[in-house]
Amino acid sequence: MFVEAHELLDNTGSAAWDIVVVGAGIAGLSVAQGLSNGRLRVLVLESGGFDGRDDAAELLSGASNREDYPLIGSRARVFGGTSTLWSGACIPLDAADFQKRAWVPLSGWPISADELQPYYAPAARVFGHAGWTGDAPRLSASPLNQGGLHARPVFTSAPLNVGERQREWIARSDRMACCLGANVTGLDVDETGRNVRGVVFHDRMGRQHTVAAQAVVLATGGIEAPRLLLAVDRAAPGGLGNVRRFTGRCYMDHPLLSVGILPIGSQWRAFLPYTNGWTECDVRTVGTIGLCAETRQKHGLLDLHLRSYRYSHLEDRADIIAWKEAASEAGALRGLGPVLRHHGMSSLPTVMSYASWHLWNKTIARSRFEHVRFLAFAEQEPDPDNRITLGQKRDRYGLPLPHLHLTESAQFHDSVSRSCAVLAGVFAASGFPGARMGPEQVRHIAHYGGHGLHHMGATRMSEDAGTGTVDRNCRVHGTANLFVAGSSVFPTGGAANPTLAISALAFRLADHLELQLRSVTA
């Protein structure tokens with residue numbers, strides 16, 4: 001059932017639940033789905049409703065050393081969470097992402113890739129891909145999946161908003177309730193700091209409520225989860241799970257970098273699975289290209305995967321660069337005037353030729369193209385200095401707003417540079433010579449880059465509290481019944497969009513909670 005926060009007790013008749021999940025985004029809804037066939041009574045608390053709220057910007061605000069990092073635009077307080085904002089890309093983590101790498105400090109997960117593997121199938125169903133197996137035969141025989149290259153499939157969620165798929169079964173459930181308009185502001189912790197007795201929230205009218213629970217799961221996203229843990233400092237100085245002051249540290253994202261242009265000549269068909277993709281089990285799938293784990297180990301590289309896009313050699317020209325910049329601000333036709341005034345009427349045929357090429361390649365999937373450009377999803381190593389802390393400002397409910405400090409290290413930039421050099425050589429050996437690789441080689445298309453906005457690592461999984469916040473079962477160190485679901489538990493982030501792994505980890509957590517609490521509620 002669904003209920004508004006101020007009507008929770010009237011409609012459910014109970015102030016106590018087996019499990020309270022905070023957040024109805026991808027992680028929270030996956031935990032709920034994983035628990036849906038059991039006997040546990042589950043309450044999901046969601047700050048928003050079915051549509052975005054006008055006051056969400058204030059509740060999502062914060063500060064950062066990066067002016068270009070959108071703390072508000074990358075998150076959503078709404079049923080469905082950030083799946084209402086994303087592009088829908090789903091890809092499993094590499095097996096190597098879970099392993100200890102000597103050249104990556106703090107690398108290595110407490111769980112193996114094999115332990116997560118069984119949960120990718122139910123996670124894929126969350127995203128509308130019931131037949132997903134992880135295999136992509138058309139990529140396995142590709143020339144871009146040999147000689148040191150590793151190709152992987154990325155499938156697209158359908159629908160993008162996972163809340164649309166989850167809404168009906170929650171409405172019908174007699175053991176599951178989703179409480180909308182519940183702004184969680186704290187946790188009710190006993191005097192020892194080990195046991196969470198319940199969750200404190202405010203309804204839309206500002207009234208405070210507390211619901212009791214046998215276990216609590218924070219599924220509030222990679223920024224809000226550490227924020228809440230740090231803010232609960234009455235029973236645990238410095239915050240819950242922060243015995244060794246590691247909560248909030250090792251925040252990671254995937255910087256998106258334009259890193260290369262590759263001439264492909266007559267071999268354009270080899271790139272169709274990587275530029276246009278294909279439909280499999282009624283879901284769009286596209287390939288992504290990276291270096292294999294053995295090559296990365298040989299050269300001591302962080303992971304980096306390339307998304308491929310059609311490119312015209314005309315885009316190298318100064319007049320086309322100027323027109324694209326002007327068109328992005330004023331529109332195609334309005335942007336043409338300044339370009340012609342500056343570069344002369346002789347530029348008009350070139351602009352029209354490029355515009356025609358662009359339109360043709362956007363509308364005709366199997367039209368011929370002779371170049372591709374690469375956008376890299378680059379792995380950041382876990383750096384304790386990249387972190388979430390509590391700022392001086394507070395939201396309307398008195399909760400300190402987060403502050404993000406994020407930089408890209410010398411190791412990161414060195415790894416990107418050397419990865420590009422290795423990729424150029426591997427492409428040449430695979431029959432694609434002439435690559436222009438490295439951000440410095442393609443500055444005119446740098447504007448395609450940005451941030452992946454994948455909020456990872458700030459409540460990282462670790463064997464002990466010395467290097468993280470949660471254990472291998474996502475339980476917060478030093479507590480008995482508080483858990484975190486989401487990409488903030490990732491010890492390392494690899495170069496894959498994290499969403500599929502977020503859901504898989506949430507299903508794994510649901511299994512753990514079912515086993516842990518079954519005897520208590522029997």
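Readers should treat all values here as calculations from the given coordinates under stated rules, not as data from a laboratory. Computed from a predicted model, the values in this text were never measured in an experiment. No Cβ is skipped: glycine too gets one built from the backbone with ideal geometry, and neighbour counts run over all protein chains shown.
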Cα-based Kirkwood hydrodynamic radius, the stretch 231-300, one decimal, Å = 17.5
request  = List the pair-distance distribution P(r) of the stretch 52-116, using every Cα-Cα distance, as the percent of pairs falling in each 5 Å bin from 0 up to the bin containing the longest distance, rounded to whole percents.
outcome  = 3, 13, 15, 12, 11, 17, 17, 8, 2, 0
request  = Can you run the Rg to Rh ratio on the stretch 88-228? Use alpha carbon positions and the Kirkwood inverse-distance Rh.
outcome  = 1.06
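What FRET efficiency comes out for Glu191 versus Asp511 if R0 is 35 angstrom and r is the Cβ-Cβ distance? Round to the nearest 0.05.
Details: r = 31 Å, r/R0 = 0.90.
The formula returns an efficiency of 0.65 here.
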ask   = Using a simple spin-label model with points 7 Å from Cα along the Cα→Cβ vector, what separation in nm is obtained for Lys100 and Ala16?
value = 4.4
ask   = What aspartates and glutamates sit close enough to Lys298 to cross-link, taking a C-alpha to C-alpha distance under 20 Å and skipping anything fewer than 8 places away on the same chain?
value = Asp94, Asp97, Glu379, Glu381, Asp414
inquiry  = At a 10 angstrom cut-off on C-beta neighbours, averaged per residue, how do the peptides 309-319, 77-87 rank from highest to lowest?
reply    = 77-87, 309-319
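What is the calculated FRET efficiency for Trp169 to Ala121, with r their C-beta to C-beta distance and R₀ = 25 Å, to the nearest 0.05? Please list the in-between numbers first.
Details: r = 18 Å, r/R0 = 0.72.
Calculated value: 0.90.
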query = Roughly how big is the chain's charge dipole about its Cα centre, with Cβ charges of +1 (Lys, Arg) and -1 (Asp, Glu), in debye to the nearest 20?
reply = 700
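Whole-Å semi-axes of the stretch 1-94's equivalent ellipsoid, largest first, each the root of 5 times a Cα gyration tensor eigenvalue?
Semi-axes from the Cα gyration tensor: 28, 19, 11 Å.
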key: Spatial extent of the chain: Rg and Dmax, with the Cα atoms as the point set, Å   = 24.1, 81
